[in-house]
Each structure stands twice: as C-alpha cells, then as structure tokens.
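Data first, discussion second: the structure below is written as structure tokens.
The values are calculated or read from the model by the stated rules, or taken from the named source; none is laboratory data. Values in this document were obtained by computation on a predicted structure and should not be read as measured data. Cβ atoms come from the backbone with ideal geometry, glycine included; neighbour counts cover every protein chain shown.
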Amino acid sequence: MPITHAHLYDQIADFDNLMAAYLAARRGKRYRREVALFSINLEENLLNIHNHLVWGSWRPGRAREFRVHEPKLRDIQAPPFADRIVHHALVRVVEPLFERRFIHHSYACRAGKGSQRACRAVQQMIRAAQRESTKPYLIKADIKSYFASIDHDVLFAAIRRVISCPRTLALWRAIARGYGHDDGLGLPVGALTSQLSANVLLDQLDHHMIDHCGVGRYVRYMDDTVIVLPTKQAAHATLVALEDEVTRLGLRLNPKTCILPAPCGVDFCGYRTWATHRLPRKRNIKRARKLLARTRALYGAGVLDADRARARLMSYLAYAKHCNAHNTTAAILNEFALTRS
C-alpha cells in the first residue's frame, strides 16, 4: 500500500498559511480594486476565511466569466480574490507532495520548468535519437478539450493515491465543482488548483508510458506531449499504448495527433523545433504582426501611450529571442514605427 497523507487540513487553514497565500495571490495585482478592498481589512478578512475553513462552511464564490481569443478561444472562469487565497493555501500544502512524484520531463506550471526548457529538452532528445538511429520518428499528441473533459471521479482517484485527509479532499472537490462544474466534469481554467489537478491526472499517463511501456524520450507540457522513438514501427506501437491509457483516464486524443519523421521537426510550445535549430510558428508571427499593426494604429490615434505600445513589442521580442528569428524580427522592427496622427 502506498503511503498517503492523512492530516493536512489544519496546515491549510492555519492563519500563517492563509497570510502567505494572500501574498502569493496578490502578487502583481495589488492595485486592482478587488485586491485593494480586501487588503483594507486584511486581518479581519483572513480570519473570516480561516473560520469558514475550520467550521467546514467555506464555499466557492461566483466566478467572473470571460472569453479570450489568443492564442486560441478559451472560456475563463476567474474566481473572486478571496477564493484565490483559499486556492493558494491548498496548493501551498499539497503541491510538494505531488511534486516529488512528477517525472523530470513534465514542464507546465512547475517551478524551474516552463515552455523554454520543454523545447530544449525536445531538441536534445531529437539530436540524441538522430545520432543513434538512421530514421527516428516523433509522436506529437495532445488531449482534446483537456480541462473541459476531466472527470472528477477519475481525478480524485488519482489524488487519493497521495492524500487521504477527508477534509482536504472535500475542500479540493468543492473548488473543482465550483464555478460552473458541479456536474463533475471539467475544471475552471482560471483556478490555480486546476493547474495542479491537470498535472496530477496526466502524471499517471507519464508514469505508464515511461515505467510500463519503456519510453525513454518523453516530454509533456500540460496536455501537449512529444515522444521521440527510434523507428516508425516503434512510434505506431507507442501511439496505440498512449491512446489506450488516455482512454482509461476518460479522455480523448486530439485528432491532430500524428507520427512524423524526426527530421521534419515538431510544433511544440509555440515553436517549430528541429535538432539543429528552432523557428517561430508561422501563425504566431502572423498574430504578432496583426497585434503590432493594431498597436501602431491605436498609438497613432492617441488611444495607447508609448509605454504600453512598447510593452507589446517587448512581448514579441521576449518570444523571438529563444529561436532563430533574426530576419523576421528585423522586418517586424522596421514595420513598428510609432507616430501620432
């Protein structure tokens, strides 16, 4: 029997933990109206959360719902600031218990990881495979509508392998079911706990592919996965095993999941990556040009100030500096001349 953790709830509800959670939830947002209002009576508001947690009467508030269109269409549920403090309080206690179990090459929403490291890992694996095999192949896979498809029963079966504290499980489930998911399907995209939950569920896939199927070159960034294999035959067999395990978890692979020769490169984490170099994805460049053209127009009309306009340009430059995009970047910079009408 694996060892589980049974006495966590008091740590979550502890006032010092709530204060640390408040500081984490406030980071980068301290001047927003909702945060400022909460902070005026900070001790009283934190004590109120503490009491509701201790009494078992805490319930999720009403999320603010909105839609984002970049990089793709998503419906976001943004919980109230007070709720986000509870989310941080929970994650601060439980995340380390799962973190030590996650595979090394899982890169999303983890300290010291991130998309750039994920891209570098894929590139290194392609290089190694091309040295060892004459015709290596890649599997590029992702889950169809991942967050919206997560079954709470399957998720909490995975969570209970690590946590057996009833009150902690009840709190986590209340957050998962809140914000419009009380039917037990899907997670709120804007909640911090959803990121951890998503990693916990697919950690089972990671260990199945690596420990049971013997896959050696495997990288996952949230629901996007790249597997590097020595032959086409091995790639096809591995894809069957991958799809079987994804189905067992109550999920489905995106129909765009594919097998391709390693020399063709792979789209992953916003870049097209080969063994020798990395390029920006064409659709990302198209999107950047469109955004920067709109930025120039807004600046010219006096709607946008210079600092905000430059910030949009710097966002693109921060993306482009991690790949071989010198000529493209030079062309975009030449186009980005800020002048008032």
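Each row is one residue, and each column tells you yes or no for (1) assigned to a helix (DSSP H, G or I); (2) modelled with pLDDT under 95; (3) basic (Lys, Arg).
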site: VAL122; (1), (2), (3): yes, no, no
site: MET125; (1), (2), (3): yes, no, no
site: GLN130; (1), (2), (3): yes, no, no
site: ASP142; (1), (2), (3): no, no, no
site: ASP153; (1), (2), (3): yes, no, no
site: PHE156; (1), (2), (3): yes, no, no
site: ARG167; (1), (2), (3): yes, no, yes
site: LEU171; (1), (2), (3): yes, no, no
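Among the listed residues ALA6, ALA118, which satisfies the condition of being touching a residue at least 40 places away in the same chain (Cβ under 8 Å) and surrounded by 14 or more Cβ atoms within 10 Å (Cβ to Cβ)?
Just one listed residue meets the conditions, ALA118.
Taking the condition of being assigned to a loop (DSSP other than H, G, I, E, B) and under 15 Å from LYS140 (Cα atoms), how many residues in the stretch 266-280 meet it?
Residues meeting the conditions: 3.
Just to be sure, is VAL303 β-branched (Val, Ile, Thr) and assigned by the TED database to the domain that holds VAL219?
When the stated conditions are applied, VAL303 does not pass them.
Looking at the stretch 318-332 only, could you name the residues that are surrounded by 14 or more Cβ atoms within 10 Å (Cβ to Cβ) and either acidic (Asp, Glu) or in a helix (DSSP H, G or I) (or both)?
Scanning the stretch 318-332 gives TYR319, ALA320, THR328, THR329, ILE332.
Could you check how many residues of the stretch 124-151 are buried (at least 21 other Cβ atoms within 10 Å of the Cβ) and of a type outside the set (A, V, I, L, M, F, W, C)?
Of the residues in the stretch 124-151, 2 are buried (at least 21 other Cβ atoms within 10 Å of the Cβ) and of a type outside the set (A, V, I, L, M, F, W, C).
Mind listing whichever residues of the stretch 173-194 are under 17 Å from ILE163 (Cα atoms) and surrounded by fewer than 21 Cβ atoms within 10 Å (Cβ to Cβ)?
Those that are under 17 Å from ILE163 (Cα atoms) and surrounded by fewer than 21 Cβ atoms within 10 Å (Cβ to Cβ): ARG173, ALA174.
I'm told ARG84 meets every condition in (1) within 27 Å of THR225 (Cα to Cα); (2) assigned to a helix (DSSP H, G or I); (3) among the basic types (Lys, Arg) except one. Can you identify the failing condition by its number?
Every condition holds for ARG84 apart from (1).
With the requirement that a residue be polar (S, T, N, Q) and under 15 Å from LEU196 (Cα atoms), what does the stretch 155-171 give you?
If the condition is that a residue be polar (S, T, N, Q) and under 15 Å from LEU196 (Cα atoms), then THR168 is the only one that fits.
I'd like the residue in the stretch 63-113 that is of a type in the set (Lys, Arg), without any contact (Cβ under 8 Å) to a residue 40 or more places away in the chain and under 27 Å from ASN17 (Cα atoms) and, out of all such residues, is surrounded by the fewest Cβ atoms within 10 Å (Cβ to Cβ).
ARG100
Please verify whether the stretch 300-323 includes one or more residues that are in contact (Cβ under 8 Å) with a residue 60 or more places away in the chain and in contact with an Asp or Glu (Cβ under 7 Å, 6 or more places away or on another chain).
no
Take residues that are acidic (Asp, Glu) and in the same structural domain as ALA78 (by the TED database) and tell me which of the helices (runs of 4 or more DSSP H) falling wholly in the stretch 7-58 contain 2 or more.
Answer list for the stretch 7-58: 42-55.
Could you look through the stretch 195-234, keep only residues that are of a type in the set (D, E, K, R) and farther than 29 Å from LEU53 by Cβ, and pick out the one that is surrounded by the fewest Cβ atoms within 10 Å (Cβ to Cβ)?
Within the stretch 195-234, the match that is surrounded by the fewest Cβ atoms within 10 Å (Cβ to Cβ) is ASP211.
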